Amino acid sequence: MFHPVGKDKRYTVTREHIGKEKPYFVARFCGEWIGASAFFDSAVMLAIGESARHNGALTIEAVE
């Protein structure tokens with residue numbers, strides 16, 4: 001288990017089986033699903049982005 005947001009242990013990134021061929025990296029906040037990625041760095045960014053939103057930051061989800 002990895003805690004990607006400084007000393008805040010509520011955010012975690014772990015490898016989990018989510019119905020894909022191989023385990024994915026899953027980001028969680030207090031055990032609640034944030035998102036998943038095949039890549040560790042992407043899952044860490046999901047957790048960091050969620051932390052920023054919880055702290056009041058405005059974030060861009062997608063640009064089309």
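The values are calculated or read from the model by the stated rules, or taken from the named source; none is laboratory data. Nothing here was measured: the structure is a model prediction, and the numbers come from that model. Because the Cβ atoms are built from the backbone with ideal geometry, glycine has one as well, and the counts that use them run over all protein chains shown.
Numbers for the structure displayed
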| quantity | calculated |
| --- | --- |
| Residue in the stretch 22-32 that is assigned to a strand (DSSP E or B) and modelled with pLDDT under 95 present | no |
| Output for the stretch 33-64, where each listed residue is part of a loop (DSSP other than H, G, I, E, B) and either on the phi < 0 side of the Ramachandran plot or among the acidic types (Asp, Glu) (or both) | Ala38, Phe39, Asn55, Ala57, Leu58, Thr59, Ile60, Glu61, Ala62, Val63, Glu64 |
| Subset of the stretch 19-63 that is touching a residue at least 24 places away in the same chain (Cβ under 8 Å) and among the β-branched types (Val, Ile, Thr) - its residue that is surrounded by the fewest Cβ atoms within 10 Å (Cβ to Cβ) | Ile48 |
